[in-house]
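A short write-up of the structure that comes next.
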Amino acid sequence: MMRPSRDLATIGGRFRAERRRLRLSQPQAAKLCGVSVDTVGSWESGNTSPTAVALAAFARAGADVQFIITGQRIAIELLLAGDRVGDALLQRMGNLDASDRLALIELLAKALAA
């Protein structure tokens, strides 16, 4: 079973979390990133880290690369940055499936209530 606090403390753990959020298997993520399944496993176990090229490819599949690298979700930062960026966020939200949109709205509501 995944330990959220420990796993989200590392780039590999956050990569795994994003892969799972996108409902991708390791082989699917490997194909998207242009690497082997063993390489994805190495990232997720913390033995190595993904390259910028691999992360850019993963971002094109919908991964939040800022979260993978820093542990901070980009949606919160965009919402707080102002109307122009907020409008871009709303446009991007339209591209999410219903469950991801709901999860994002819940996350934003919690952040704004804090």
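The values are calculated or read from the model by the stated rules, or taken from the named source; none is laboratory data. The structure displayed is predicted, hence computed values, not measured ones. Every residue, glycine among them, receives a Cβ derived from its backbone with ideal geometry; neighbour counts consider all protein chains shown.
Quick notes on this one:
- Test: residue in segment 44-66 that is in contact (Cβ under 8 Å) with a residue 24 or more places away in the chain and at positive phi: yes
- Positions within segment 63-72 being surrounded by 14 or more Cβ atoms within 10 Å (Cβ to Cβ) and part of a helix (DSSP H, G or I), in sequence order: Val65, Gln66, Phe67, Ile68, Ile69
- Considering Leu107, Leu32, Leu80, the condition of being modelled with pLDDT of 75 or more and not assigned by TED's automatic domain parsing to the domain that holds Leu8 is satisfied by Leu107 alone.
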